[in-house]
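These notes are about the structure you will find just below.
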Amino acid sequence: MESTNNNRGFSSNLGAILAATGGAIGLGNIWRFPYTVGENGGGAFILLYIAFVFLLGVPVMMSEIIIGRRSQKNVIGAFRTLAPQHKGWISMGVLSLVAALVIYSFYSVVAGWTLNYIVLSSSGQLIGKMPAEISQMFADFTHGSFWPLFYQFVFLCLTAGIIILGVQKGIEKYTKILMPILLVLMILMCIRSLTLDGARQGIDFLFKPDFSKITGNSILEALGQALFSLSIGMGALITYGSYIQKQDNLFTTSLWIAGADTFIAILSGVAIFPAVFAFGLSPASGPSLVYEVLPNVFNSMPGGTIFAVGFFVLLTIAALTSTISLLEVPVLWAVEELHWGRRKAALLISLAVFIIGAFCALSFGPLNHVTIFGLTIFGLCDHLTAIYMMPIGALLFTLFIGWYLPKADVYDELSNSGQLKARYFRVYYFIVRYIAPLALLNILIAGILS
Ligand code: PFF
C-alpha cells in the first residue's frame, strides 16, 4: 500500500529513535570508525570524537531534525515551507538531495562487498588461507567488474524493497527487527574478542589516551567522522525529522541517537582491536581493516567461521538500515514534489544510483586509471561529500536555525509548544548560533586547504 500524507510518519517515538539510530549506525561505525581510530592513535582520538559528538553533533542534529519536524516536508519542501520569501534556502535542499545520492552511490559499493563476504565466509572460502591470499582475494574481488556490480545491485534492490513498503510497514518495521539483532551480534563479537588471549593490548590501545598522538589532522578527522556517523548535513535527518511525531521530545530523541551511535562505534572497537592485537596484526590498516585483516583473525580463532559470518551479517544489517535512510531522502522528495508513487520513485532513483554507483565500484578495477584531481571516482565521491557537502550542509542548517528561523519558533519546536521545559535551550541556542557555525567553518576551510 502506498503511504499517504494522512498516515505520514513513524508510529511511535521508539520507532523514530530506532529508525534514525539505524540510519546513523552503519559502515561508518563498524568499518570506518575502527580504522580511523587505528590511524589516529587510539584512545585520545576517541575522547575527542565523543566531545565532538555531544557538544557539536547533538545540537546540529537537533537543528536538522527541527527543520524536518516543523515543516513536515521533504528536503526541498521543508525550505519552501519555512522560508517562503527567501527561495535561496531551497538550494540547501538541492545540496542535500545531491549529497544523499552521491553518498548512496559509493556507500552501496562497500555495502555490496559485505554481502560478498557473507558468501565467502559461510561457504568456507576464507578458511585456512594465509594473510597474503586473503589480501589477494580482496584485491581480486574489488578489482573485478561483475561481482562488485552484482552485489551492489542486490543491495540496492534490498533497500528499494523496504522503501517501497512505506515508512511504517517498511522502514520502521524492519529497523525494529534489525537493530536488536545487530546489538546481540555485536555483543557476541565483543565477548569473543575479549576472551582471546592477548586481548588486553587492544583494550589499552582503545581506552588509554595518549594525547601526544593528536594532531591538527586528527581533529579534522574526528569531526568529519562525527558528521558522517551521525548522518548530519545531507537531509537524512530532515527527512526522518518530518516523520517524528509532534509530542516527541527532540532533545532526548537526539541524545538517544547520538548515544547509541557512539556506543556501537565503541563496541566495534572492542570487537575488533583486541582480536587484531591478539593475532599480532596492525590496527592502522586503513579501509581494508575489516575485509583484509579481520578474516585472518577469524581464521585463527576457535569457532572463527561462525563469528566471521556473524560479523559480516552484522555489517550488512548496519549498512542496510543506513541505505534505507539515504534512499528515503530522494524518494520522499519525488513523492511529495513530483507526485510519483513510492514504488516508481524507489525504483527509478535506485536505477540512477546504480548507474553512478557502477562508476564508483569499477573505479577499484577497470576504471582505476580514471582520476579526477588525483582521486579515483570512488575517492572523489567520498571526498566531495565528506570534505565539502556534509560540512557545508551542517553549517547552513545551523545558520538557518540560529540566524534565520525566529527564535520563538525554534523554542516552540524544542518545547513542543511549551509542554516541555527545555531548560537547556539557552546553551543549545548559543552553540547553534555561534560555536557550531564557527567550528564548522573552521573545519570546512581546513578541509579545503588540506
Ligand atoms: N551514518 C552512516 C554511517 O555511519 O555509516 C552513513 C550515512 C547514512 C551518512 C545516511 C549519511 C546518511 F544520510
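Would you kindly identify the helices (runs of 4 or more DSSP H) lying entirely within region 368-450 that contain at least 3 residues that are touching a Phe, Trp or Tyr at 6+ places or on another chain (Cβ under 8 Å) and buried (at least 19 other Cβ atoms within 10 Å of the Cβ)? Give the steps one after another, and end with the answer.
Numbers: elements: 377-383, 390-399, 407-414, 425-430, 436-449.
Of the helices (runs of 4 or more DSSP H) lying wholly inside region 368-450, those with at least 3 residues that are touching a Phe, Trp or Tyr at 6+ places or on another chain (Cβ under 8 Å) and buried (at least 19 other Cβ atoms within 10 Å of the Cβ) span 377-383.
Restricting the first residue to region 79-100 and requiring it to be on the phi < 0 side of the Ramachandran plot and among the basic types (Lys, Arg), which pairs with a second residue that is more than 16 Å from the ligand (Cβ to nearest atom) and not in a helix (DSSP H, G or I) meet a Cβ separation below 8 Å and a spacing of at least six or different chains?
80/73
Please determine, by comparing only the residues of region 119-148 that are surrounded by fewer than 19 Cβ atoms within 10 Å (Cβ to Cβ) and of a type in the set (Val, Ile, Thr), which one is nearest to the ligand (Cβ to nearest atom).
This residue is 119.
Does residue 238 count as touching a Leu at 6+ places or on another chain (Cβ under 9 Å) and buried (at least 24 other Cβ atoms within 10 Å of the Cβ)? Reasoning before the result, please.
Numbers: touching a Leu at 6+ places or on another chain (Cβ under 9 Å): no; buried (at least 24 other Cβ atoms within 10 Å of the Cβ): yes.
Answer is no for this residue.
Between 16, 44, 51, 20, which is buried (at least 23 other Cβ atoms within 10 Å of the Cβ) and modelled with pLDDT of 90 or more?
Exactly one of 16, 44, 51, 20 is buried (at least 23 other Cβ atoms within 10 Å of the Cβ) and modelled with pLDDT of 90 or more, namely 20.
Does region 200-209 contain at least one residue that is buried (at least 24 other Cβ atoms within 10 Å of the Cβ) and of a type outside the set (Lys, Arg)?
Yes; the residues of region 200-209 include at least one that is buried (at least 24 other Cβ atoms within 10 Å of the Cβ) and of a type outside the set (Lys, Arg).
Go through region 182-192 residue by residue and tally those that are within 18 Å of the chain's Cα centre (by Cα) and within 26 Å of residue 160 (Cβ to Cβ).
Within region 182-192, residues that are within 18 Å of the chain's Cα centre (by Cα) and within 26 Å of residue 160 (Cβ to Cβ) number 2.
Are there any pairs with C-beta distances below 8 angstrom linking a residue in region 324-342 that is within 16 Å of residue 241 (Cβ to Cβ) to a residue that is part of a loop (DSSP other than H, G, I, E, B) and within 13 Å of the ligand (Cβ to nearest atom), with the two at least 6 apart or on different chains, and if so which?
Going by the 8 Å Cβ cut-off, the qualifying pairs are 325/231; 329/234; 329/235.
Scan (1) over 19 Å from residue 32 (Cβ atoms); (2) at pLDDT 95 or above; (3) not polar (S, T, N, Q) for the single condition residue 102 breaks and write down its number.
Status for residue 102: all satisfied but (1).
Within region 288-308, count every residue that is farther than 15 Å from residue 134 by Cβ and surrounded by fewer than 19 Cβ atoms within 10 Å (Cβ to Cβ).
Let us first name the residues in region 288-308 that are farther than 15 Å from residue 134 by Cβ, namely 302-303, 306-307.
Then keep just the ones that are surrounded by fewer than 19 Cβ atoms within 10 Å (Cβ to Cβ); that gives 302-303, 306.
Residues that pass the stated criteria total 3.
For region 210-318, which fully contained helices (runs of 4 or more DSSP H) count at least 3 residues that are more than 13 Å from the ligand (Cβ to nearest atom) and in contact with a helix residue (DSSP H, G or I) (Cβ under 9 Å, 6 or more places away or on another chain)?
Ranges flagged: 216-229, 250-278, 294-299.
Only one residue in 306, 324, 317, 355 is under 23 Å from residue 239 (Cβ atoms), out of contact with any strand residue (DSSP E or B) (no Cβ under 6 Å at 6 or more places or on another chain), at pLDDT below 95 and not hydroxyl-bearing (Ser, Thr, Tyr), so which one is that?
Matching residue, one of 306, 324, 317, 355: 317.
Can residue 264 be described as surrounded by fewer than 19 Cβ atoms within 10 Å (Cβ to Cβ), closer than 17 Å to residue 194 by Cβ and aliphatic (A, V, I, L, M)?
In short, no.
Kindly provide the set of residues from region 320-346 that are among the β-branched types (Val, Ile, Thr), over 14 Å from residue 100 (Cα atoms) and within 16 Å of the ligand (Cβ to nearest atom), ordered by number.
The one that is among the β-branched types (Val, Ile, Thr), over 14 Å from residue 100 (Cα atoms) and within 16 Å of the ligand (Cβ to nearest atom): 321.
Say whether the condition of being within 16 Å of the ligand (Cβ to nearest atom) and part of a helix (DSSP H, G or I) is met by at least one residue in region 192-202. Steps first, please.
Going through region 192-202, the residues within 16 Å of the ligand (Cβ to nearest atom) turn out to be none.
No - not one qualifying residue is present in region 192-202.
Among the residues of region 332-363, what is the count of those that are part of a helix (DSSP H, G or I), surrounded by fewer than 22 Cβ atoms within 10 Å (Cβ to Cβ) and small (Gly, Ala, Ser)?
3
Table: residues versus (1) without any contact (Cβ under 8 Å) to a residue 40 or more places away in the chain; (2) under 28 Å from residue 417 (Cα atoms); (3) within 16 Å of the ligand (Cβ to nearest atom).
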| residue | (1), (2), (3) |
| --- | --- |
| 9 | no, yes, no |
| 24 | no, yes, yes |
| 28 | no, no, yes |
| 35 | no, no, yes |
| 40 | no, no, no |
| 54 | no, yes, no |
| 71 | no, yes, no |
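The values are calculated or read from the model by the stated rules, or taken from the named source; none is laboratory data. As the structure is a prediction and not an experimental result, all values here were calculated from the model. Ideal geometry is used to build each Cβ from the backbone, glycine not excepted, and the neighbour counts take in all protein chains shown.
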